[in-house]
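Please read the structure below before turning to the comments.
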Amino acid sequence: TVGRPVKIVLARDEVFVTLTEPGVWIRIKTAVSRDGRLLGREIEAVLDTGAYADITVRLARGVGLTAAGPYRIPHLAVDVSAVYTNKPPAGALRGVMIRQLCWAYEQEMDQIAEHLGIDPIGMRMQNLLATGDAMHTGETLQAVGVRECLERVQAELDRHPIPAPLAGGAHPTVRARGVACFIKHTMTPALSLADVHLEDDGSLTVRVGSVEMGQGMSTALAQIAADAMGLPLGQVSLVFADTSSSPYDQGTNSSRAVFHMGRAIVEGTARLQKDLLARASELLEVSPTDLEIRDGYLAVRGHPDSRLGFGEIVKRVFGRGGGSLHARGMSKADAYLDRQTGQGKGSTYYFTGAAGCEVEVDRETGAFRVLRYVAANNVGKAINPMLCAAQIEGAAVMGLSQTFFEALRWDNGQPLNPNLADYPLASIREAPPVEVVLVEIPHPEGPFGAIGAGEPGIVPTSAAIGNAVARALGARVFDLPLTPD
């Protein structure tokens, strides 16, 4: 060893053999009544974990948690296994196996509806989970919202009917629509800490261990801190992931940052406000209950002129400039499943949503286009609606790329296309207009009701497109990617 920090820089072809998304084979068998009620389901899933296990156990657990999909199924049997293969190790990618699971169970839902001769959306509606329902793990669901998401998707699709000549018949180019619903867990147990410092100029400094990677977390967390503290947004500064000074955060993944770091910030500001109230009550010679916080001031109720600014209080505490008041907040979520029974709490909260799309397929050549894509996600509370919509839109386009283009080809464990020329990605040419619908069912434990929005938008993309393509062709394709062949 060199005894010094080491930086690893990978060439493009090395990236393809460092970590991959696990391939998965899924078999589903579902019992259903003649009127479309789901009665029971068996699922068998086999994950390709590559040469090393890495986090495969965690991925397999996630498949088991959401195997029933967003539906009430009284009887469920799930068998998930992972196998070693002569390939690079597999790890987590946006959606963490739930996209592949949704691809399987949502296509089967359409097959069941077709077999029974009933409307696929109506069949979904009568089986969807709702707030207060129990998961197969025994936990009670909160702020579900999947029904509202599917209703919004249906309404958006119905606003523009498909032209009659392209809806079927002998025309070689056919248009059709498909929908898909989903439920997704988040990483649990979880722990996040936040330090909040009130400076002598009345501004707030928030130190967090989360990472801004373009998802807009810096804006969302600053908004949470400003609202929770009672300050204008311009007086809040965030300091990110410096391991020598920032408090611990479990990780910026699983769409957990806004929920967990947001909760930690809210708790930290609440403690800071309590400290401020106690100090201001002494300075103003009133009870803390007689004080209210407004726009960076503590004022006596009914006497708005009798007030002190945050910065002025800090200066009086320390006798001169340079001091700061601080507090620490924590978000901790302990949830475990019994290893023998599978019962318990599997996730701090669950994401739900729905997607719908319209595709155009040439039956003679296999050429295809996605003309419209509608995504409705329950985000709990949209802290920043524009950023929420951007996250969902980006996830949908990434899912479309995986649906139509992305596939590694192997020869005895070696990739045949380890470059971005032979491993194609969707470009702006293939990206359809994405209509994002933000459904807000506030979660009682989230900061201002928020959960997250980064990952879930990718989950139903392949399934919705697959159902639309199957309806256009009159035949179903079970493997991804969906190529013209």
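The values are calculated or read from the model by the stated rules, or taken from the named source; none is laboratory data. Since the model is a prediction, treat every value here as computed from it, not as a measurement. Cβ placement follows ideal geometry from the backbone for every residue including glycine, while neighbour counts extend to all protein chains displayed. Accessible surface areas use protein heavy atoms only, side chains included; no ligands, DNA or RNA. Shrake-Rupley method; radii C 1.70, N 1.55, O 1.52, S 1.80 Å.
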To the nearest whole percent, what portion of all C-alpha pairs in region 184-285 is separated by more than 24 angstrom?
23
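For Leu233 and Arg429, what does the FRET efficiency come to when R0 = 51 Å and r is the distance between their Cβ atoms, rounded to the nearest 0.05? Provide the component values of the computation, followed by the final result.
Details: r = 38 Å, r/R0 = 0.74.
Computed FRET efficiency for Leu233 and Arg429 comes out at 0.85.
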Protection proxy ranking of 47-54, 9-16 - average other beta-carbon atoms within 10 Å, highest first
47-54, 9-16
Gln414-Ile293 FRET efficiency (beta carbon distance; Förster radius 45 Å; 0.05 resolution)
0.10
Sort out for me the Cα centre separation of region 118-188 from region 32-96, rounded to whole Å.
21
In Å, what Kirkwood hydrodynamic radius results for region 348-400 from the alpha-carbon pair distances?
13.0
Equivalent ellipsoid semi-axes for region 1-98, as square roots of 5 times the alpha carbon gyration tensor eigenvalues: give them largest first, rounded to whole Å.
37, 12, 11
Number of Lys pairs (Cα under 29 Å; 8 or more positions apart or on different chains) in the chain
13
Can you pull the semi-axes for region 262-317, root of five times each eigenvalue of the Cα gyration tensor, sorted largest first, whole Å?
19, 12, 10
Please give the charge dipole size of the chain, origin at the Cα centre, charges +1 on K and R Cβ atoms and -1 on D and E Cβ atoms. Round to the nearest 20 debye.
420
Using every pair of alpha-carbon atoms in region 353-485, split the distances into 10 Å bins beginning at 0 and state the percent of pairs per bin, rounded to integers.
12, 37, 29, 17, 5, 0
What FRET efficiency do you get for Thr243 and Asp119 if R0 is 56 Å and r is their Cβ-Cβ distance, rounded to the nearest 0.05?
0.55
How large is the Rg to Rh ratio of region 107-259 when both quantities use alpha carbon positions and Rh follows Kirkwood?
1.16
How many nm is it between the label spots at Ala421 and Phe318, if each spot is 7 Å from the Cα in line with the beta carbon?
5.9
Can you tell me the convex hull volume per residue for region 224-346, based on C-alpha atoms, in Å³ to the nearest whole number?
156
May I ask for the Kirkwood hydrodynamic radius of region 37-142, worked out over all distinct Cα pairs and given in angstroms to one decimal?
15.1
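Relative contact order of the chain, please, whole-number percent, based on alpha carbon pairs below 8 angstrom and at least 6 residues apart. Please list the in-between numbers first.
Details: 1079 pairs, mean separation 92.5, N = 485.
It comes to 19 percent, rounded to a whole number.
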What is the percent of Cα-Cα separations in the chain that go past 30 Å?
53
Show me, bin by bin at 10 Å from 0, the whole-percent P(r) of region 224-270 based on Cα pairs.
24, 53, 24
What spacing in nm lies between the two simple spin-label points modelled at Arg27 and Tyr336, each 7 Å away from Cα in the Cβ direction?
3.4
Low-density loop positions, GluC sites (Glu not before Pro), region 188-288 - DSSP coil, at most 12 other Cβ in 10 Å:
Glu285
When you count, for each residue, the other Cβ atoms within 10 Å and take the mean per peptide, how do 300-307, 397-404 rank with the highest first?
397-404, 300-307
For region 367-381 and region 262-337, write down the distance between their C-alpha centroids in whole Å.
43
The answer for region 344-485, accessible area per residue at 1.4 Å probe in Å², is 40
With all protein chains present, how much of the accessible area of region 391-485 (probe radius 1.4 Å) comes from carbon and sulfur, to the nearest whole percent?
53
Phi-derived 3J(HN,Hα) across region 61-77 with the Karplus relation (6.51, -1.76, 1.60, θ = phi - 60°), rounded Hz, x for Gly and Pro, is 4, x, 4, x, 5, 10, 5, 7, x, x, 10, 7, 10, x, 10, 9, 10
With the 1.4 Å probe rolled over protein heavy atoms, region 193-303 has an accessible area per residue in Å² of 43
Could the peptides 174-185, 152-163, 440-451 be put in order, highest first, of the mean number of other beta-carbon atoms found within 10 Å of their residues?
174-185, 440-451, 152-163
With only alpha-carbon atoms counted, please give the Rg and Dmax of region 111-157, in Å.
12.8, 35
